[in-house]
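The block underneath contains the structure these notes are about, expressed in structure tokens.
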Amino acid sequence: MRARFWSKGSIITYYKHSSLWSGLRSMIPSVELHARWLLGDGTTINFWRDRWLTSPIVDMIDIPEDVK
């Protein structure tokens, strides 16, 4: 699915010949509205190093190694 219907970090908006795509595409707003992260008890979450965005926050803001 991702290889066929995902481009440059988001779902494609143009028509793609598929027997399923029109139905799937109509559900995207509902999925985005109701999708959530499940974090569990937080023991394995690393705010700085986990990929919350396109890359880990620590890499995006270039935090020095001794602070990480």
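The values are calculated or read from the model by the stated rules, or taken from the named source; none is laboratory data. Fair warning: this is a prediction, and the values are worked out from it, not measured in the lab. Counting neighbours? That spans all protein chains shown, and the Cβs are built from the backbone with ideal geometry, glycine included. In case anyone asks, the SASA skips ligands and DNA or RNA and just uses the protein heavy atoms, side chains included. Shrake-Rupley method; radii C 1.70, N 1.55, O 1.52, S 1.80 Å.
Can you tell me which residue in region 32-41 is nearest to G9 (Cα to Cα), limited to those that are hydrophobic (A, V, I, L, M, F, W, C), modelled with pLDDT under 80 and exposed (fewer than 10 other Cβ atoms within 10 Å of the Cβ)?
W37
Filter region 59-68 down to residues that are open to solvent by less than 70 Å² (accessible area, probe 1.4 Å) and among the basic types (K, R), then give me how many there are.
0
Looking at region 7-30, which of its residues are assigned to a helix (DSSP H, G or I) and touching a helix residue (DSSP H, G or I) at 6+ places or on another chain (Cβ under 9 Å)?
Result: W21, L24, R25.
Run S22 past the list (1) in contact (Cβ under 8 Å) with a residue 24 or more places away in the chain; (2) open to solvent by 80 Å² or more (accessible area, probe 1.4 Å) and report the number of the one that doesn't hold.
All conditions are met except number (1).
I'd like to check something: does region 42-58 contain any residue that is open to solvent by 100 Å² or more (accessible area, probe 1.4 Å), in contact with a Gly (Cβ under 9 Å, 6 or more places away or on another chain), part of a loop (DSSP other than H, G, I, E, B) and not charged (D, E, K, R)?
There is at least one residue in region 42-58 that is open to solvent by 100 Å² or more (accessible area, probe 1.4 Å), in contact with a Gly (Cβ under 9 Å, 6 or more places away or on another chain), part of a loop (DSSP other than H, G, I, E, B) and not charged (D, E, K, R).
Can you give me the number of residues within region 2-19 that are exposed (fewer than 10 other Cβ atoms within 10 Å of the Cβ) and either under 30 Å from E65 (Cβ atoms) or touching a Leu at 6+ places or on another chain (Cβ under 8 Å) (or both)?
Residues meeting the conditions: 1.
Mind telling me which of the residues I57, I28 ends up being among the hydrophobic types (A, V, I, L, M, F, W, C) and touching a strand residue (DSSP E or B) at 6+ places or on another chain (Cβ under 9 Å)?
Within the list I57, I28, the selection yields I28.
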